Every structure is written in C-alpha cells, then in structure tokens.
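The values are calculated or read from the model by the stated rules, or taken from the named source; none is laboratory data. Note that the structure is a prediction, hence the values are computed from the model and not measured. No Cβ is skipped: glycine too gets one built from the backbone with ideal geometry, and neighbour counts run over all protein chains shown. Remember, those area values only see protein heavy atoms, side chains included, never the ligands or the DNA or RNA. Shrake-Rupley method; radii C 1.70, N 1.55, O 1.52, S 1.80 Å.
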Amino acid sequence: MSTTTEVGGRDRLGRVTQDAIAAIHEVLERHKVTEDEWSAVLEFLTAVGKNDEFVLLSDVTRTSVLVDALSHAADESATATDVEGPLYRPDPPWREAPVKLYEDYEGVEEGEVLFVRGRVTSNDGAPLRDAVLDIWQTGPNGGYDIWDERQPDFNFRGRFGVAESGEYEFQTMIPKPYTVPTEGPVGRYLEAVGQHPWRPAHIHFKVTADGHQPLVTQLFFAGDPYLDNDTIGAVKKSLVRSPERHEDEAELRERGLEAPFFTCAFDIRLRPLGG
Ligand code: BEZ
Ligand code: FE
C-alpha cells in the first residue's frame, strides 16, 4: 500500500489504518470484550507472527480473495487472477523443453501423468513469445515438496519459456485436494470457528511478459469435491478445466508412457500495462 498517496488531506495508509482501528473498536464495544479475551486475541496474533502464518490467516479468512478482487477489476478479455497463497518459493529451477515439472521419487507411480498446454497471448490474441511461466503445485500424494520428505527439493515447481507462437506445454501429475497447514495457530483458529482446512486440487501459475501485467492465478479441475467449498474461497468458474484421458497405445508410445495419461488445455491472456 502506498504511504504517499494523499486522500482527503491524509495519507492513504494512515486513513485506512484509522478506519480499521475504528472498526475493531466498534466490534469490541458491541461484544463487550473483556481484558482476558483481548489478551487472548493478542496472544493469538503474536503466535501467528512467530509461526509466519499471517498470509495463511489472510487466506483462510478469505481476506486475500477480497483484496485480489479489489486489486484486479473483472476483465473478461484476460485470464482471471487468483491469490498466491503462502507456498510459493522464489527462484525455482529453470526447466528446458520438453518441460517435466518433477523428478521421479518413491511414491510417484501412484499418480497420473498430466500434460498442461496452451498459448500465452495478449488480451487481443497476439502471441507473447517472451512470456515466462512459473508453476508450483502438490504432487499426486504427500503434498508440496516442503512437506514430503520423499520428494527432491523444488519438485513440482519450475520456470520455463514459451515457443515463438506463445505455446507452452509441461508434464506434471494430477494434483489432489489437500489441507492447508493445521498444526499452528491458524489450525486452532479453523477448529474454533468450525471451518474445514481443505483446498480443491489446483496448479499455481505466475506468468510474466514484457509490456504486460504479471498474472498470478490457479487452475482447477472439474468434479473436484471442494470446488464449491475451498477453505480459502479462491475458485473461479473461468479457471476450472476438464482434463481429457488418453489410453490409445500409439499415443502412449509417442509420449514414452506405459499408463494412460491426461491432457488439459489452459490458454493464458495477459493485460497490457496501463490497459
Ligand atoms: C495454496 O494453495 O498453496 C495455499 C493457499 C492458501 C493457504 C495455504 C495454501
Ligand atoms: Fe496450493
């Protein structure tokens, strides 16, 4: 948030902060909150900070989804934005074509291979040949690399470019629904308010290209049991796709695979800067 933007004679951060404090005071008065209760709130927030869970708290209270909506005006000509979440890791490995997002590890055989492909264009359809995709997701079991000891570091994460035509393809595995971290203070909050911790299966995308607004979004899969009740409320209809199953012998041979695989089309349209 800019601290220099003047709004009504006061800077914006000061104004928003004062309004937020006034809103908290109103709630404390309405509920006649006691000293003990307020101390418990401060202890909880201290624990959230110590456990580095403020982004997670923002996500599960659906505050991140609200700020995403306030920050990005709905624009049908471009791919919808979505929240980043707390599990992005900067500087993932650069992966050359043909892009495979994971290395084999014990347990990977339980998963189903998925090829995600599409074209990165400007919102007028012009291909963006300098686009870079940065992808992160859970494996088919055991979750993110940072939770699953069997997985090599940065597994199911990676950056890569697109073809002259703006086309991209990467090989991954169909992710599964998973629970956000529940062992810390945010987990205790979820339990206290009776909110389940599940997210539908998804793949995170960060896409950049010269002269265009960076896009952070997520891809979801039709039929997932948590599409309508994602604990962070981040599912948008326009980001849900139905992967297609392939079991033809010739197709399997061509891909060097032994078991049926899936493909999923996901075209990406970016908004020009200032557009
Ligand atoms: C995620 O999708 O990676 C995520 C989002 C919010 C909270 C926890 C995880
Ligand atoms: Fe995720």
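How many Å² of accessible area per residue for the range 193-257, probe 1.4 Å? Write down the numbers at each step before the final one.
Values: 3330 Å² over 65 residues.
On a per-residue basis, 51 Å².
What are the residues whose amide H is under 5 Å from the amide H of residue 120, where those residues sit 5 or more places off or on another chain and H is modelled from the backbone?
Residues meeting the criterion, in which the H sits 1.01 Å from N, are 128, 167, 168, 268.
Given the -39500 (n - 2.57) contribution per DSSP H run of 4+ residues, what per-residue ellipticity at 222 nm results for the chain, rounded to the nearest 500 deg cm²/dmol?
Value at 222 nm, helices only: -7500 deg cm²/dmol.
Using the crude model of +1 on Lys and Arg Cβ and -1 on Asp and Glu Cβ, and no other charge, please compute the dipole size for the chain relative to its Cα centre, in debye to 20.
Working: 28 positive and 49 negative charges, 165 e Å.
Rounded to the nearest 20 debye, it is 800 debye.
Accessible area per residue for the range 122-187 in Å², computed with a 1.4 Å probe and the full protein assembly in place, what is it?
For the range 122-187, the solvent-accessible area averages 37 Å² per residue.
Of all the accessible heavy-atom surface of the range 193-240, with the other protein chains kept in place and a 1.4 Å probe, what percent is carbon and sulfur? If you can, show how the numbers build up before the last one.
On the way: 1070 of 1930 Å².
Ligands and nucleic acids excluded, carbon and sulfur give 56 percent.
Could you look at the range 38-168 and say what percent of its accessible area is carbon and sulfur, using a 1.4 Å probe and all protein chains?
Looking at the range 38-168 in its full context, I get 53 percent from C and S.
If I build a Gaussian network model for the chain, linking alpha-carbon pairs within less than 10 angstrom, which residue out of 219, 28, 45 has the largest mean-square fluctuation?
Fluctuation is largest for 28.
Most fluctuating residue of 19, 224, 248 in a GNM of the chain with Cα springs under 10 Å: which is it?
Greatest mean-square fluctuation among the candidates belongs to 19.
For residue 273 and residue 183, what does the FRET efficiency come to when R0 = 45 Å and r is the distance between their Cβ atoms, rounded to the nearest 0.05?
Once the sixth-power term is evaluated, E becomes 0.65.
How far is the Cα center of the range 25-73 from the Cα center of the range 160-187, in Å?
Comparing the Cα centres of the range 25-73 and the range 160-187, I get a distance of 27 Å.
Dipole of the range 120-275 (Lys/Arg Cβ +1, Asp/Glu Cβ -1, origin at the Cα centre): which of 270, 189, 133 lies farthest to the positive side?
Most positive-ward Cα: 189.
Quick check: the angle from helix 35-50's long axis to the longest principal axis of the chain, C-alpha only, nearest 10 degrees?
Helix 35-50 and the main axis of the chain meet at about 30 degrees.
Could you give the nm distance between label points at residue 63 and residue 45, where each point is 7 Å from its Cα heading toward the beta carbon?
Once both label points are built, they end up 0.9 nm from each other.
If the chain between residue 153 and residue 103 were fully stretched, how many nm would it gain, using 0.36 nm times the residue separation less the Cα-Cα distance?
Fully extending the segment from residue 153 to residue 103 adds 17.0 nm.
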